[in-house]
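Asker: Pasting a structure here, questions to come.
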Amino acid sequence: DKDFGSYGLSQQYFRKAMILLLSHDSAFTRGVILNRPTSRQIDGQWRMWYGGDVQGMTSPRPMQEIVCLHALTSTEAMSISIRVIDGISWTTLDGANAMVQRGMATKEDFWVLVGYAGWAPGQLDAEIKRGS
């Protein structure tokens, strides 16, 4: 695509990316890249995956957006989680830590993604239509 240009070259992490959309409405679409592992850890105990460039790994820690995907179904887990699709929900790192500390889950129950990908109104639809 001729319009792809240098912008596309600066976003190589989207090449063959598998993206899970966490939310989509007329104002904004937010998703996380699922297939970009890293060798980094958070707090020395949580393996980090690259979720996207917005509020991601290069942002100062207080500004990072951290999404912890899981398949837990207990009432307690669901009370601090947001359902994405059947069998998949997400919570914050604080939520994941709390569930582990209470014995409701283990660290291995979570997929910790740092950062997200975001699209303005109509942007994702346009990218899909042009095959970006």
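The values are calculated or read from the model by the stated rules, or taken from the named source; none is laboratory data. What you see is a predicted model, and the numbers here were worked out from it, not measured in a lab. Here the Cβ positions follow ideal geometry from the backbone for every residue, glycine too, while neighbour counts run over all protein chains shown. Heavy atoms of the whole protein, side chains included, go into the accessibility calculation; ligands, DNA and RNA do not. Shrake-Rupley method; radii C 1.70, N 1.55, O 1.52, S 1.80 Å.
Asker: If I ask for residues that are buried (at least 19 other Cβ atoms within 10 Å of the Cβ) and more than 19 Å from residue 61 (Cα to Cα), which ones from the stretch 91-109 would you list?
Answerer: Selection gives 99, 105.
Asker: Looking at the stretch 30-40, is at least one residue crowded, with 16+ Cβ neighbours inside 10 Å, within 12 Å of residue 93 (Cβ to Cβ) and touching a Leu at 6+ places or on another chain (Cβ under 7 Å)?
Answerer: No, because not a single residue in the stretch 30-40 is crowded, with 16+ Cβ neighbours inside 10 Å, within 12 Å of residue 93 (Cβ to Cβ) and touching a Leu at 6+ places or on another chain (Cβ under 7 Å).
Asker: Just checking, which of 38, 91 is within 15 Å of the chain's Cα centre (by Cα), at pLDDT 90 or above and under 11 Å from residue 114 (Cα atoms)?
Answerer: 38
Asker: How many residues, within the stretch 54-70, are in contact with a Ser or Thr (Cβ under 9 Å, 6 or more places away or on another chain) and open to solvent by 70 Å² or more (accessible area, probe 1.4 Å)?
Answerer: The total comes to 0.
Asker: Okay, next question. Scan the stretch 69-82 and give yes if some residue there is touching a residue at least 12 places away in the same chain (Cβ under 8 Å), part of a helix (DSSP H, G or I) and either among the polar types (S, T, N, Q) or more than 28 Å from residue 125 (Cβ to Cβ) (or both), otherwise no.
Answerer: Scanning the stretch 69-82 turns up at least one residue that is touching a residue at least 12 places away in the same chain (Cβ under 8 Å), part of a helix (DSSP H, G or I) and either among the polar types (S, T, N, Q) or more than 28 Å from residue 125 (Cβ to Cβ) (or both).
Asker: Out of the residues in the stretch 96-132 that are in a loop (DSSP other than H, G, I, E, B) and in contact (Cβ under 8 Å) with a residue 60 or more places away in the chain, state the one that is nearest to residue 67 (Cα to Cα).
Answerer: Restricting to residues being in a loop (DSSP other than H, G, I, E, B) and in contact (Cβ under 8 Å) with a residue 60 or more places away in the chain, the top hit is 115.
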